[in-house]
Amino acid sequence: MSYYYNKKNILQMKKLFVLALLMVGMTILAQGRKGNQQGNQMGQFTPEQKTELQLKQMTLNLDLNEAQQKDMKVIIADLNTKREAHKTAAKAMWEKEGTPTNDERFAMRSKMLDEQIATKKRVEKILNAKQFEKWTSLHQKYQNNFQGNRQRNFQGNCQGQRLRQG
């Protein structure tokens, strides 16, 4: 009789253990989704709202005067417009043609770098030396964070693919 009760207790403990594992797994998944939603906060705003928020943040960081704010607003709006146009064009290209060739990637990268150089020159004309130095360091910090996040996301996707393949 005691053997029967021990076996029954063991089965109940196994069920509880599996249930606990499922609950922990669901909790971890729920927290992961919450973190991903925070990265796309700017996608919820209109282009004008994005421009306004970016200008206010830049004003706080660089202590811009009224004239500088006016000039930077034009640059930020122009960059946001170009960014949206590039995103739609790239999405259309991916859907139509698939992966771009090396020459197409080189042309896109070259065009992007040319635009970055032109933007840097435009900003340098507006800001004083101290503000420009701070803008450059903030811009570099942003790019490093973006590349780090992209690399982590890429590695995460690769690991997920390996798990599915294995």
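Every read-out reported here was derived from the displayed coordinates using simple, explicitly stated rules and does not represent laboratory data. Quick caveat, the model's predicted, so the values are computed rather than measured. Virtual Cβ from ideal backbone geometry, glycine too; neighbours counted across all protein chains shown.
A straight chain from residue 15 to residue 67 at 0.36 nm per residue would run longer than the Cα-Cα distance by 11.8 nm. Most tightly packed first, judged by the mean number of other beta-carbon atoms within 10 Å of their residues, the peptides 11-22, 108-119 read 108-119, 11-22.
In straight Cα distance, which lysines are under 30 Å from residue 15, not counting same-chain residues fewer than 8 positions off? Cross-link targets: 7, 34.
Structure note, pairs 91/125; 82/121; 56/82; 87/125; 121/141; 120/141: Cα-Cα distances above 22 angstrom occur for 91/125; 87/125.
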